[in-house]
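What follows is a set of notes on a single structure, which appears directly below.
The values are calculated or read from the model by the stated rules, or taken from the named source; none is laboratory data. Keep in mind it's a predicted model, so treat the numbers as computed, not measured. Backbone-built Cβ (ideal geometry, glycine too); neighbour counts: all protein chains shown. Ligands, DNA and RNA are excluded from the accessible area calculation, which covers all protein heavy atoms including side chains. Shrake-Rupley method; radii C 1.70, N 1.55, O 1.52, S 1.80 Å.
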Amino acid sequence: MEEVVGVDKLRPKLGEYLEKVEKGDVIIVSSRSEPKGVIISYSMYNQLKELEKKAKQLEIMQILNEFRSKAETAGLSEEDVQKEIEEARKCAQ
């Protein structure tokens, strides 16, 4: 469940709201009727970090597969592709 809470209401009852997020609730913190932040449980935070990591890995795999496909179309071997990847990594450092 999501709940929008003003920062002025949140301060004196922070402990209560932390208990709610531990149970799976999400607290949207607002200031002057504008959302400013979100309080989530630590386990949800870790899940989001893991999802972000997996998304980045998938993006890299997609880019690599596109690169391989273009290389194959251009008549480059897997060895040529590997050399290009190594060169790109050197440039990124």
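The modelled label-to-label distance for the pair F67/K90, using points 7 Å beyond Cα in the direction of Cβ, is 1.4 nm.
Here the average projected area of the convex hull drawn through the C-alpha atoms of segment 44-92 stands at 4.0 nm². For the chain, the solvent-accessible area with a 1.4 angstrom probe is 84 square angstrom per residue. Think of the chain as having a plus end and a minus end, set by charges on the Cβ of Lys, Arg, Asp and Glu; of I60, S30, Q93, S30 sits farthest toward the positive end of this dipole.
For the chain, the longest principal axis of the Cα atoms and the long axis of helix 78-92 meet at an angle of about 50 degrees. Taking the chain, how much of its Cα-Cα pair set, in percent, is spaced more than 18 angstrom apart? Tail fraction, whole percent: 64.
In the complete set of protein chains, residue-level accessible area for L58 is approximately 120 Å², probe 1.4 angstrom. Counting only protein heavy atoms and using a 1.4 Å probe, what share of the accessible area of the chain belongs to carbon plus sulfur, as a whole percent? Percent of accessible area from carbon and sulfur atoms in the chain: 53. The magnitude of the dipole of the chain, with charges of +1 and -1 set on the Cβ of Lys/Arg and Asp/Glu and taken from the Cα centre, is near 480 debye. Rounding to the nearest 10 and keeping the result within 0 to 90°, find how far the Cα-based axis of helix 42-73 lies from the longest principal axis of the chain. The answer is roughly 20 degrees.
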